[in-house]
Structure formats: structure tokens, C-alpha cells
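Taking it in order: structure first as C-alpha cells, then the write-up.
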Amino acid sequence: MSKKIDDYFAKWNVDPKLIELVQRDIPHWIDNQYVGSGSTIPLIEPSTGEELAVTFEAGTELVSAAITSAKKAFVGDWANMRPLDRQSMMLKLADLMESNAEELAFLESANMGKSVVQALEIDVNASIDVLRYFAGFCTRIEGRTGPLAAYGTGNSGMTIKQPIGVVAAISPWNFPLQTLVWKCAAAFAAGCVVVAKPSEITPVTSLRFAELAAEAGFPKGVLNIVNGTGAVTGAPLISDPRINKVTFTGSTQTGVMVGQAAIPNMTRMTLELGGKSAAIVTADADIEVAVDGVLNGIFFNSGQVCDATSRAVIDESIYDIFIEKLVKATAELKVGVGLDPETYMSPLVSQQHRNKVYSYIELARKDGLSLPLDRGGNSAEDTMLGPVIVEDCPTDHPIWREEIFGPVLALRKASGLDALLALAEDTEYGLGASIFSQNMDTIMTVSKRLNAGTIYVNGHGFLDPAFPFGGLGKSGFGKDLGPEQIESYLETKSILFTS
Ligand code: NAD
């Protein structure tokens, strides 16, 4: 490991055991065993820009071996296990995550760059909640019975629900642990098995999660992990006919390719894709609440959030006071390294991603857009790109239209609810939106009208395991979380009786 990383970990007093753990090369995980072969991809620690370790890359053969192992578990040990035992195992896994929570948060921060405090509070703790929530479904998978409609009395039918089978779970890099746990928790509860492919940039906590699952007693093959890029590892995984469902979280562009690869086999799929979410701040909004909601909505995780409030539309009557408070609060946000407990915004995940985000910041400057706050740095080489606020952003500008996935907020003002709604609706995406208002009629009008899968009221981004999350429009289809996600891992069959 480089001296720069050594110094970084030393400065924040990282436990030597954790340093050892984060330095290990990341193998694949098949049959509850490490498989380390193939070419490698470097893993870069974002706060220092230095190499931490490498991950192996699985080609078609290893991907196939992982699917074979999963299939065996699906019809064997996992199928034969009592739902109550499956539930206990999921709860045990949640307990193990809890007792290793700080370690998981450190690994996530060192691999992805995010604030270690946020990693603990959001990524790890929320993942534990999701596991515990879904564990309850293991014994609650139920069909229905009822009379047939077109035949006489005495004829009846029933439905049964069966696990869909082998699930390919493909994750992005912004919430690596959380995305994997969302996918696995519902799949396990439904009785499915998973072959996961984490982002090639952030595989570290996924491997740790798999190890903890084995420690909790999960039989071999129930969770296999293959690492590597989309082209080399992801593509053969999703196009294998033995995969019964693909659950994909990532960009809309990749989602289209995933869909095209899955359709020839009629593989079921959930596509959780990109977004360009809007916050609507009406004339009667509580300004402090709105400022806090919009600020956290876009700058949390340095804007690397699929449903970030990358656009906000504000009623003209309160615009001046809103922008004054927003700029002041944003100017005070601490931009720093991931391990600094005071950090609110940490370095973006990779140089490649910084290049992309910085190109938008430069475009805004070059096009002379009004930037009441610009902490966007002077070069993409600068690991600390801070928050940028763009005022009166033209609606045909890429900053208004495209997913930047970084700390850039586009604002517009308008007069009255209809005008605010028209601006908010001006997107092909439909993942999230928020409404800041104290009027219930306004809240319900906006919620019904907006084309978004989740509408947050007087806040943003506070997801809950019991309520589904998923996009409309180009943000994809299908739901994660809630009972709706369980349904997506089940096939329903009808059994019809005649007397
Ligand atoms: P990405 O689309 O580049 O990659 C996502 C995953 O897909 C990675 O694991 C990647 O290796 C894999 N992949 C790439 N090509 C593939 C292929 N041909 N076949 C199979 N797998 C392939 O996205 P990213 O840059 O990792 O993540 C950022 C994107 O994810 C943003 O667009 C963001 O909005 C989106 N996202 C959406 C949600 C949601 O819930 N809707 C949540 C988080 C992130």
C-alpha cells in the first residue's frame, strides 16, 4: 500500500485489523469459498487516489460455475429448508452486520470514498433494517383461494406462489452494500438464490456481506459473488438462460442493454435506473425545512444518489429568502476526506466520474450561467469537488436535463403551483420528487400528478423498508422494498378445480 494511504489511515487512527482487511485483494465467492483467478482490476481509495488492492474479474466460465452452484442450492439445501429457519438465518445475518457495523462502514468509506459517519448511519444501519424487515416475509408467502367466476357453484381455484429461482443482482457503486442487501433480503425471503455482480469499482463490502452470510449459516450457493466489469462479467451473467430474474440498479443507458440481453430468454427483470428528481417548494412552505430538504437531497453522498434533488423549483414569492438561506447553508458544508467524522461531502468515487461531473461544472461556467455558489474546484484532478448551485438554469441546458450524479443543483423559480409543476415535470426520468408545502391539498395534487415513483413530503430521500422504491419513465420499472419487491421474486400459478 502507498505511503499516502498509510498516512491517511494513520491520521484517522484506523485499527490495524481493518487496514489489513481493506488491503486484501477481492476474490469471487462461489459455494461459500474464495475463488481468486483471472485478470484483475485496481481498486482506488478515492480520498487519496491511490491503489488499495485489486479485484479479480470473472469471465464466462466462472460466471457459469457460480450459476451452477446457485441452481444446485435452489433445488437442494435452500429449497429443503424450513421458512422459519431461513428467517432465523436472515435475522442472524442482520445481528452479525450489527456487530460488525463499524468495520463495514470503514470498508465502504475506504472503497467508495463516502463519509464514514454516513456509511454507518445510512448504508449499514439501513441495510440491517431492510434485512430484518424482509426476514418477516419468509413465513408470509401466501396465495389465495376463491370460487371460479364462469362456472357453477362448487368450482374453485387457488393460487400458489413459488420462488422465481436464480436471481442475477447487478449493483452500482454509489451504495454498494445497501443495494446488494436490498436485492438479497427480498430474494432470500422469497426462497430465491442470488448470483451478485457488484460494481467493479466497489466490490469490498459485498464480499464481506457474503462472508457474514456464510457465518450466519447460509448454505453454499445461496449467495455467490462474481466480480468484474459489465462487459466481461455482467453480460454473460444476465444472458445465461438459467437466470430466472435480473435485478439491476444502474444507469438508464446500461439498463437498456441489460433489458435487451434478458428479453430473449424472457428473464424477469427489475430495472432501477437513473433520475433527475425535482423538489417543489411552494409559497406556503416552511423555508427552513425546505432549505434543509433540498440541500440534503442533492449534496448528501456528494450528489451521487439516483433520486438526488438535482433540480429545485421555487415559488417566486419566497425565492429570494430561500436562495439566501440555501447558499449560506451550502457554503458551510464541510467537504473533506471520507474518514474525517466532520465531513459532509467526500471525494467523488473515481477520477473518471470526477471528469464527467467537472465537465458539467465547466460547461455551466463557460455558458455564463448564474452560479450563486461555486465550490466546484479548478480541475477534475481536484479530488474535492464541492457543491455548485446554478440559478435560473435554462430548461434546455444539459445541467437541467441530464443526470450529472454529482453535487450540482439547478434552480428555477415560477409563480403558482401549475407553473412549478410544469417545470418539475420537464424530464424523461421519474424516480423521485419532493414537495415542500404545509397544505394537504397541494401535497396530494402534486403527488398524484407527478410522474415519479416516490414523492417525499417536506423532506427528501428518507426511504423505508416497508414502502416500495422504483422509477417510472426512463428511471426504469419494478420495485425494490416493501411487499411489492417480494412479489417480484415470486411466480404465481393458478390451480383450477372442477367439481
Ligand atoms: P452503470 O450503469 O455504469 O453500472 C451499473 C452496474 O452495471 C455495474 O455493476 C456495471 O458493471 C454493470 N454493467 C455495465 N454494463 C453491463 C452489461 N452490459 N451487462 C451487465 N452489467 C453491466 O452505473 P454506475 O455508474 O455504476 O451507477 C450510477 C448509476 O446508477 C446512475 O445512473 C444512478 O442513477 C443509478 N442508480 C440508480 C438507483 C435506483 O435505485 N434507481 C440507485 C443507485 C444508482
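The values are calculated or read from the model by the stated rules, or taken from the named source; none is laboratory data. If you're wondering where the values come from, they're calculated on a predicted model, not measured in any experiment. Here the Cβ positions follow ideal geometry from the backbone for every residue, glycine too, while neighbour counts run over all protein chains shown. Heads up: the accessible areas ignore ligands, DNA and RNA and are worked out on the full protein's heavy atoms, side chains in. Shrake-Rupley method; radii C 1.70, N 1.55, O 1.52, S 1.80 Å.
Being out of contact with any Asp or Glu (no Cβ under 7 Å at 6 or more places or on another chain) and open to solvent by 20 Å² or more (accessible area, probe 1.4 Å) narrows it down to one of PRO407, PRO394, so name that one.
After ruling out the rest, the residue left standing is PRO394.
Let me confirm something: among GLY113, GLY49, GLY36, which residue is modelled with pLDDT under 95 and out of contact with any Phe, Trp or Tyr (no Cβ under 9 Å at 6 or more places or on another chain)? Quick ask: steps written out before the conclusion?
Numbers: GLY113 fails: modelled with pLDDT under 95; GLY36 fails: out of contact with any Phe, Trp or Tyr (no Cβ under 9 Å at 6 or more places or on another chain).
The unique qualifying residue is GLY49.
Filter the stretch 46-59 for residues that are open to solvent by 10 Å² or more (accessible area, probe 1.4 Å), hydrophobic (A, V, I, L, M, F, W, C) and either in contact with a Lys or Arg (Cβ under 8 Å, 6 or more places away or on another chain) or under 27 Å from ALA380 (Cβ atoms) (or both) and give the result.
Across the stretch 46-59, the qualifying residues are LEU52, VAL54.
So which residues in the stretch 450-480 are near the ligand (Cβ under 10 Å from one of its atoms) and of a type in the set (A, V, I, L, M, F, W, C)?
Within the stretch 450-480, LEU463, PHE469 qualify.
Of the numbered conditions (1) closer than 30 Å to ALA10 by Cβ; (2) touching a residue at least 12 places away in the same chain (Cβ under 8 Å), GLN352 satisfies every one except a single condition; which is it?
(2)
Report yes if SER415 is of a type in the set (S, T, N, Q), open to solvent by less than 50 Å² (accessible area, probe 1.4 Å), away from the ligand (no atom under 16 Å from the Cβ) and over 22 Å from the mean Cα position of the chain (by Cα), otherwise no. Let's see the steps before the verdict.
Numbers: of a type in the set (S, T, N, Q): yes; open to solvent by less than 50 Å² (accessible area, probe 1.4 Å): no; away from the ligand (no atom under 16 Å from the Cβ): yes; over 22 Å from the mean Cα position of the chain (by Cα): yes.
Considered against the rule, which asks whether it is of a type in the set (S, T, N, Q), open to solvent by less than 50 Å² (accessible area, probe 1.4 Å), away from the ligand (no atom under 16 Å from the Cβ) and over 22 Å from the mean Cα position of the chain (by Cα), SER415 comes out as no.
So which of ALA278, ALA308, ALA283, ALA312 ends up being away from the ligand (no atom under 16 Å from the Cβ) and surrounded by 24 or more Cβ atoms within 10 Å (Cβ to Cβ)?
Of the residues listed, the single one that is away from the ligand (no atom under 16 Å from the Cβ) and surrounded by 24 or more Cβ atoms within 10 Å (Cβ to Cβ) is ALA312.
Considering only residues that are modelled with pLDDT of 95 or more, farther than 19 Å from ALA424 by Cβ and touching a helix residue (DSSP H, G or I) at 6+ places or on another chain (Cβ under 6 Å), look in the stretch 377-391 and name the one that is surrounded by the most Cβ atoms within 10 Å (Cβ to Cβ). Explain how you work it out, then say what you get.
Our first condition is that a residue be modelled with pLDDT of 95 or more; within the stretch 377-391, this holds for 386-391.
Right, trim to farther than 19 Å from ALA424 by Cβ and you get 386-388.
Filter once more, keeping what is touching a helix residue (DSSP H, G or I) at 6+ places or on another chain (Cβ under 6 Å): 387-388.
Numbers: PRO387: 24, VAL388: 29.
Across the stretch 377-391, the extreme among qualifying residues is VAL388.
Would you please name the residue that is surrounded by the most Cβ atoms within 10 Å (Cβ to Cβ), looking only at residues in the stretch 239-252 that are part of a loop (DSSP other than H, G, I, E, B) and in contact (Cβ under 8 Å) with a residue 40 or more places away in the chain? Break it down into steps so the answer makes sense when it comes.
In the first step, residues of the stretch 239-252 are kept if they are part of a loop (DSSP other than H, G, I, E, B); the result is 239-244, 250-251.
Narrowing the set further to residues that are in contact (Cβ under 8 Å) with a residue 40 or more places away in the chain leaves 240, 242-244, 250-251.
On the way: ASP240: 20, ARG242: 16, ILE243: 26, ASN244: 21, GLY250: 24, SER251: 15.
Checking each candidate, the answer is ILE243.
Looking at the stretch 3-25 only, could you name the residues that are open to solvent by 30 Å² or more (accessible area, probe 1.4 Å) and either β-branched (Val, Ile, Thr) or part of a loop (DSSP other than H, G, I, E, B) (or both)?
In the first step, residues of the stretch 3-25 are kept if they are open to solvent by 30 Å² or more (accessible area, probe 1.4 Å); the result is 3-4, 6-7, 10-13, 15-21, 23-25.
Scanning the stretch 3-25 gives TRP12, ASN13, ASP15, ILE19, GLN23, ARG24, ASP25.
Of these, LEU43, LEU62, which one is buried (at least 19 other Cβ atoms within 10 Å of the Cβ) and under 22 Å from PHE9 (Cα atoms)? So that I can check it myself, show each step before the final result.
On the way: LEU62 fails: under 22 Å from PHE9 (Cα atoms).
After ruling out the rest, the residue left standing is LEU43.
Are there any pairs, at least 6 apart or on different chains, whose C-beta atoms fall under 7 Å, with the first in the stretch 306-334 and touching a residue at least 40 places away in the same chain (Cβ under 8 Å) and the second basic (Lys, Arg) and within 16 Å of the ligand (Cβ to nearest atom), and if so, which?
Pairs that qualify, where the first residue is touching a residue at least 40 places away in the same chain (Cβ under 8 Å) and the partner is basic (Lys, Arg) and within 16 Å of the ligand (Cβ to nearest atom), are SER310/LYS276; ARG311/LYS276.
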